[in-house]
1. Tell me the residue from ARG27, ARG51, ARG38 that is of a type in the set (Lys, Arg) and under 15 Å from the mean Cα position of the chain (by Cα), please.
2. Which of the residues spanning region 115-142 are under 13 Å from PRO158 (Cα atoms) and more than 13 Å from the chain's Cα centre (by Cα)?
3. Considering only region 143-152, I want to know if a residue exists there that is of a type in the set (Lys, Arg), over 17 Å from the mean Cα position of the chain (by Cα) and open to solvent by 50 Å² or more (accessible area, probe 1.4 Å).
4. Among the residues of region 166-173, is any aromatic (Phe, Trp, Tyr) and open to solvent by less than 20 Å² (accessible area, probe 1.4 Å)?
5. In this structure, does ARG176 turn out to be open to solvent by 70 Å² or more (accessible area, probe 1.4 Å), under 23 Å from PHE25 (Cα atoms) and either among the hydrophobic types (A, V, I, L, M, F, W, C) or modelled with pLDDT of 90 or more (or both)?
6. Across region 154-196, what is the number of residues that are under 18 Å from GLU76 (Cα atoms), not in a loop (DSSP other than H, G, I, E, B) and not polar (S, T, N, Q)?
7. Restricting to region 179-215, and then to whatever is without any contact (Cβ under 8 Å) to a residue 40 or more places away in the chain and acidic (Asp, Glu), can you tell me which residue is least open to solvent (accessible area, probe 1.4 Å)?
8. Within region 98-116, is there a residue that is open to solvent by 20 Å² or more (accessible area, probe 1.4 Å), free of Cβ contacts under 8 Å to residues at least 60 places away in the same chain and closer than 15 Å to TRP160 by Cβ?
Amino acid sequence: VQRARVEAVAVDTGKRQVLIEGARFARPASSGHLVFFRDGGLHAAPFDAGRLALTGPSIEVTTAVEQDTSGAPIAEISSAGSLVYRRAGVASEQLVWVSRQGIEQPVTDVPRAYWNPHLSAHSGRIAVGVGGDLWIHDTLRSTFTRLTPQQSGTASHPLWTPDGKQIVFRTPTGLRSIETDGSGRSRAIAGTTSGDYPSTVSPDGTTLATARRTT
């Protein structure tokens, strides 16, 4: 069985380069680091995006992060470099901010079964799964609002579009997008399957990249 690894791919040439063996779910941070999941913990290593290369050894950020049913860490990094994640092995489940100094600050006061939090780019909102539905926590107004229809029980892995007007999410029949204006309007994304997990949307909002499980 091939072990997981993180690769960098040049979009213009298709050239691939192995960055980290035995790691998964990598994403760049504004601090100039590449954050990735390995051996049950989140790690960070200095990363040169221009050269598509690591420039130093990695450090372990935390081993307390929970994983979802696909094995992905339930965590997200803000554009300012803050980490929010769901703690593993605790009865009281909360979303927390984590500073670069490792100081935790609760995002919400009410414990819930939070899954897959994802930060919006600019508006201070967090899309998160709770009990199979999607909710939006507005950190500026301290509100917690249901996004998907009540008790749908099938929505997960929310992903904001860059303009904050829509959220792409996973369902058992494929990916869908839903408007965030409270109208509840959603649509299926053609060509997607039950094995697709939304990964990222291009800055211009025209291209969606997904991870697809085929087994």
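The values are calculated or read from the model by the stated rules, or taken from the named source; none is laboratory data. Everything quoted here is computed from the prediction, not taken from an experiment. Please note: Cβ atoms are built from the backbone with ideal geometry, for glycine as well, and neighbour counts cover all protein chains shown. Heads up: the accessible areas ignore ligands, DNA and RNA and are worked out on the full protein's heavy atoms, side chains in. Shrake-Rupley method; radii C 1.70, N 1.55, O 1.52, S 1.80 Å.
1. Exactly one residue qualifies, and that residue is ARG27.
2. Answer for region 115-142, where residues must be under 13 Å from PRO158 (Cα atoms) and more than 13 Å from the chain's Cα centre (by Cα): ARG125, VAL130, GLY132, ASP133, LEU134, TRP135, ILE136, HIS137.
3. Yes, region 143-152 contains a residue that is of a type in the set (Lys, Arg), over 17 Å from the mean Cα position of the chain (by Cα) and open to solvent by 50 Å² or more (accessible area, probe 1.4 Å).
4. Keep residues of region 166-173 that are aromatic (Phe, Trp, Tyr), which gives 169.
When the remaining residues are screened for being open to solvent by less than 20 Å² (accessible area, probe 1.4 Å), the result is 169.
Yes: one or more hits.
5. Taking the combined requirement at face value, the residue satisfies it.
6. Residues in region 154-196 being under 18 Å from GLU76 (Cα atoms), not in a loop (DSSP other than H, G, I, E, B) and not polar (S, T, N, Q): 8 in total.
7. Looking at the filtered set, the residue picked out is ASP196.
8. Within region 98-116, one or more residues are open to solvent by 20 Å² or more (accessible area, probe 1.4 Å), free of Cβ contacts under 8 Å to residues at least 60 places away in the same chain and closer than 15 Å to TRP160 by Cβ.
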